[in-house]
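Worksheet: one structure, shown below.
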Amino acid sequence: MAKRKMILDLDTGIDDALAIAYAVASPDVDLIGIIGSYGNVYVEEGAKNSLKILELLGQTDVPVYVGLSHSSESDHFDRMPVSARIHGENGIGDVDLPTAKRSFESGDAIDFLINSIKQYGKDLILVPTGPLTNLDAAIKKAPEITGEIGNVTIMGGALTVPGNVTNVTEANINQDASAANRVFTSPLHLNMVGLDVTLRTLLTKQETKTWRDLNTKSGSAFADIVDYYIDAYKETSPDLNGCALHDPFAVGVAIDPSFVQMLDLNMYVTTDEKYYGRTVGDPARLSDPDTNIKVAVNADVDRYLETFMTYLTDLFSQH
Ligand code: BDR
Ligand code: CA
């Protein structure tokens, strides 16, 4: 069977870097491109990080496009200080990876996404692990794509647990709640992998030691990068005892939805000042039997972590 194609839309970011590694390592998908977003870092920095990570993993053919640089609600983006604390000043744990030998693609990121959907249709999986600004822009430009793409699985939102930016709001949704609301209330079918499940997929220094012990470039670099993230989590979320694998879990679920149990729901994203960015059932469509969102509410954490470690350790042993 031909492999499905995957596009990642990332604000690279430490867990975004792990999402790249998971997509590269999975035998079930071909990573055909990365679109850069803003959030953990500024858009160009994130795209540069994606290029560096791809080079580290020997993937010098995967194109990287620079997406939109700020939210649809604003004319600029200011990086939150906490992002540097969690992901490092450079977004990848202040680990100094060599500058990639190649640069971004010169083409338009939104057109790349639309054209890829036209080309691959139901065989294409999109995984946004940053704000939904790029996907919203693509739907605005070519509304028909909502019925053409095979699978959209986002990392974002929180339905059954509190947020991580405010009591009700998760970071990716918080960057551009209006875009998220338009995406959630569009005809697009999507899987939401939010804090409900990603805060249960935790990695510790025991696992990163396995990578360090490989004595390879990528094993050592990823061990250093993720150790930075684990130390940051120790400060910001001491109760968790590890770092959350938000973004690579979304990639895992996109490929194999049986890692989670999902709830069918029509949702919206609130944009009023008090509850800005809350992802919750849409009161206007609660009784509609046709639902467009599947929310992950439970997870087979052990099986996922085992798969994650098998894939990444094997990949890091080769580069
Ligand atoms: C999400 O926010 C970003 O900081 C992470 O990369 C992840 O995508 C978690 O809320
Ligand atoms: Ca991210």
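The values are calculated or read from the model by the stated rules, or taken from the named source; none is laboratory data. Fair warning: this is a prediction, and the values are worked out from it, not measured in the lab. Because the Cβ atoms are built from the backbone with ideal geometry, glycine has one as well, and the counts that use them run over all protein chains shown. Calculation scope for accessible area: heavy atoms of the full protein, side chains included, ligands and nucleic acids excluded. Shrake-Rupley method; radii C 1.70, N 1.55, O 1.52, S 1.80 Å.
A few points about this structure:
- Subset of the range 271-311 (residues that are aromatic (Phe, Trp, Tyr) and open to solvent by 60 Å² or more (accessible area, probe 1.4 Å)): Tyr275
- Among the residues of the range 236-255, at least one is at pLDDT below 95, of a type in the set (S, T, N, Q), open to solvent by 30 Å² or more (accessible area, probe 1.4 Å) and within 14 Å of ligand 1 (Cβ to nearest atom).
- Only one of the listed residues (Ser50, Ser71) is open to solvent by less than 30 Å² (accessible area, probe 1.4 Å) and more than 14 Å from ligand 1 (Cβ to nearest atom). That residue is Ser71.
- The numbered conditions (1) over 19 Å from Ser103 (Cβ atoms); (2) of a type outside the set (S, T, N, Q); (3) within 16 Å of ligand 1 (Cβ to nearest atom); (4) out of contact with any His (no Cβ under 7 Å at 6 or more places or on another chain) are all true for Asp15 except (4).
- In the range 211-221 there is no residue that is open to solvent by less than 10 Å² (accessible area, probe 1.4 Å) and of a type in the set (Asp, Glu).
- Here Leu195, Leu188, Leu203 are screened, and the one residue that is modelled with pLDDT of 95 or more, more than 22 Å from Thr12 (Cβ to Cβ), surrounded by 17 or more Cβ atoms within 10 Å (Cβ to Cβ) and not acidic (Asp, Glu) is Leu188.
- Residues within the range 16-67 that are under 25 Å from Asn164 (Cβ atoms) and not charged (D, E, K, R), tallied: 23
- Tabulated pairs, the range 9-38, first at positive phi, second part of a helix (DSSP H, G or I) and open to solvent by 10 Å² or more (accessible area, probe 1.4 Å), C-beta under 6 angstrom, 6+ apart or interchain: Gly13/His87
- Those residues of the range 13-38 which are acidic (Asp, Glu) and more than 10 Å from ligand 2 (Cβ to nearest atom), in sequence order: Asp28, Asp30
- From the list Ile86, Ile110, the lone residue that is within 18 Å of the chain's Cα centre (by Cα), more than 16 Å from ligand 1 (Cβ to nearest atom) and within 21 Å of Ala177 (Cβ to Cβ) is Ile110.
- Candidate set from the range 193-218 (those that are of a type in the set (D, E, K, R) and touching a residue at least 60 places away in the same chain (Cβ under 8 Å)); member that is farthest from Asp264 (Cα to Cα): Lys217
- The listed residue being hydroxyl-bearing (Ser, Thr, Tyr) and closer than 18 Å to Ile86 by Cα, out of Ser69, Ser37: Ser37
- Residue in the range 118-128 that is loosely packed, with under 13 Cβ neighbours inside 10 Å, touching a Lys or Arg at 6+ places or on another chain (Cβ under 8 Å) and either closer than 25 Å to Asn172 by Cβ or modelled with pLDDT of 95 or more (or both) present: no
- Residue in the range 257-270 that is within 24 Å of Leu132 (Cβ to Cβ) and surrounded by fewer than 16 Cβ atoms within 10 Å (Cβ to Cβ) present: yes
- Residue in the range 132-149 that is part of a helix (DSSP H, G or I), open to solvent by less than 60 Å² (accessible area, probe 1.4 Å), away from ligand 1 (no atom under 16 Å from the Cβ) and farther than 30 Å from Arg278 by Cβ present: no
- Pairs where the first residue, in the range 83-106, is more than 23 Å from Gly219 (Cβ to Cβ) and the second is at pLDDT 95 or above and aromatic (Phe, Trp, Tyr), C-beta under 8 Å, 6+ apart: Phe104/Tyr65; Glu105/Tyr65; Glu105/Phe112
- Only a single item in (1) buried (at least 24 other Cβ atoms within 10 Å of the Cβ); (2) over 29 Å from Thr270 (Cα atoms) is not met by Asn40, and it is number (2).
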